[in-house]
């Protein structure tokens, strides 16, 4: 198992490993460390055809549940397909689901495992950059509702996360860039030096230099693991991970799921949040421009979609998990490398930020 990086997510009463490396899915000894007898692998047709052969552990591949992929399929109907397969094949509480796909597959598999027979184990094998650095780590699972994104779900931690960087070679440029939005987020909220490193090494990252890819995934997972270990169920500082997401989820909802990728929507959300922070005197114009310039390097949107109704955007934000006591809770940057949570932002300030990005 040489050249495999290992990060431990330490929770209050348990922990689990994140393994990161190149071609590690072919390492039978790594998969053999997971002490489970009965697996069901959840994936989609594209990932199955591209990558299933990379998994050398046949017991993981024996039972396959093939779902449609995409935000519009992240719903109760897809979850019912997982339940039906498990029930028809008599899967018990000591079984284990394996999420082999991007964020949508991971979220649905996690939610199904959280609820099937009141909870079974699951493993994350993410196949997109975004899911590698964000959604596969931390135990947030769930599905969408027509009135809001991720409004139905549960906290349910995986027993392991296996990240094989070789898989990224088949990712489209657009998907890769969308994942970079989450990577950049970690620099903004928690690590100024990481943000500077990404800016300095953006060409190597775009060329998918192996060491650069390992670095961005490892550092992103370290930051997320550190925050999750302090606040597993988002009662406090874990909300910092939602920078740009309140605005981004509203964009996805109003525009229609799938029109913009999740990473694209939250990238635009970073700049709207930064504009609010400027009005709140916790960010400078120069810092805003540093973020904007880095997003542009990765072809990420810095303006709202054309002709989107900003009144509808604001109303969509009111259907958000972060609303408390009928007040919107915002995550805002405090410069680059720090962030904070506040419910003291007026509608006028938010609408001004929307208009500036229309």
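The values are calculated or read from the model by the stated rules, or taken from the named source; none is laboratory data. Note that the coordinates shown come from a computational prediction; the quantities given were computed from them, not determined experimentally. Ideal geometry is used to build each Cβ from the backbone, glycine not excepted, and the neighbour counts take in all protein chains shown.
A few remarks follow.
- Residue under evaluation residue 255, criteria (1) buried (at least 16 other Cβ atoms within 10 Å of the Cβ); (2) in contact (Cβ under 8 Å) with a residue 60 or more places away in the chain, criterion not met: (2)
- Within segment 189-231, the set of residues being closer than 22 Å to residue 287 by Cβ and within 17 Å of the chain's Cα centre (by Cα) comprises 189, 190, 216, 219, 220, 223, 227.
- Scanning segment 257-294 for residues that are part of a helix (DSSP H, G or I) and under 18 Å from residue 312 (Cα atoms) turns up 265, 266, 268, 269, 272, 273.
- Index of the failed condition, residue 332 passing every other in (1) in a strand (DSSP E or B); (2) surrounded by fewer than 17 Cβ atoms within 10 Å (Cβ to Cβ): (2)
- Pair list, Cβ under 7 Å, 6 or more apart: segment 133-148 residue at negative phi, other residue surrounded by 23 or more Cβ atoms within 10 Å (Cβ to Cβ) and assigned to a loop (DSSP other than H, G, I, E, B): 143/74; 144/74
- Restricting 309, 326, 293 to residues that are farther than 24 Å from residue 145 by Cβ and either free of Cβ contacts under 8 Å to residues at least 24 places away in the same chain or exposed (fewer than 15 other Cβ atoms within 10 Å of the Cβ) (or both) narrows the list to 293.
- Each residue in segment 335-351 was checked for being assigned to a helix (DSSP H, G or I) and either surrounded by fewer than 16 Cβ atoms within 10 Å (Cβ to Cβ) or touching a helix residue (DSSP H, G or I) at 6+ places or on another chain (Cβ under 6 Å) (or both), and 4 pass.
- Evaluated against (1) at pLDDT below 95; (2) over 30 Å from residue 82 (Cα atoms), residue 190 falls short on exactly one condition, (1).
- Test for residue 3: is it part of a loop (DSSP other than H, G, I, E, B), in contact with a strand residue (DSSP E or B) (Cβ under 7 Å, 6 or more places away or on another chain) and farther than 23 Å from residue 134 by Cβ: yes
- The sole residue among 183, 137 that is in contact with a helix residue (DSSP H, G or I) (Cβ under 7 Å, 6 or more places away or on another chain) and either outside the structural domain of residue 234 (by TED's automatic domain parsing) or not in a helix (DSSP H, G or I) (or both) is 137.
- Number of positions in segment 295-320 that are part of a helix (DSSP H, G or I) and either in contact with a strand residue (DSSP E or B) (Cβ under 6 Å, 6 or more places away or on another chain) or within 15 Å of residue 174 (Cα to Cα) (or both): 3
Here is a yes/no grid of residues against (1) within 16 Å of residue 225 (Cα to Cα); (2) crowded, with 21+ Cβ neighbours inside 10 Å; (3) within 15 Å of the chain's Cα centre (by Cα):
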| site | (1), (2), (3) |
| --- | --- |
| 111 | no, yes, yes |
| 122 | no, yes, no |
| 180 | no, yes, yes |
| 186 | yes, yes, yes |
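- In the condition set (1) in contact with a helix residue (DSSP H, G or I) (Cβ under 9 Å, 6 or more places away or on another chain); (2) at pLDDT 95 or above; (3) in a helix (DSSP H, G or I), residue 218 is compliant with all but (1).
- Among the residues listed as 254, 228, the single one being farther than 27 Å from residue 16 by Cβ, in a helix (DSSP H, G or I) and outside the structural domain of residue 72 (by TED's automatic domain parsing): 254
- The number of residues in segment 13-29 being more than 23 Å from residue 93 (Cα to Cα) and either in contact (Cβ under 8 Å) with a residue 40 or more places away in the chain or surrounded by 20 or more Cβ atoms within 10 Å (Cβ to Cβ) (or both) comes to 8.
- Selection status of residue 140, under 22 Å from residue 82 (Cβ atoms) and either modelled with pLDDT of 95 or more or buried (at least 16 other Cβ atoms within 10 Å of the Cβ) (or both): yes
- When 50, 97 are screened for being closer than 30 Å to residue 29 by Cα, in contact (Cβ under 8 Å) with a residue 60 or more places away in the chain and either in contact with a helix residue (DSSP H, G or I) (Cβ under 6 Å, 6 or more places away or on another chain) or assigned to a loop (DSSP other than H, G, I, E, B) (or both), only 50 passes.
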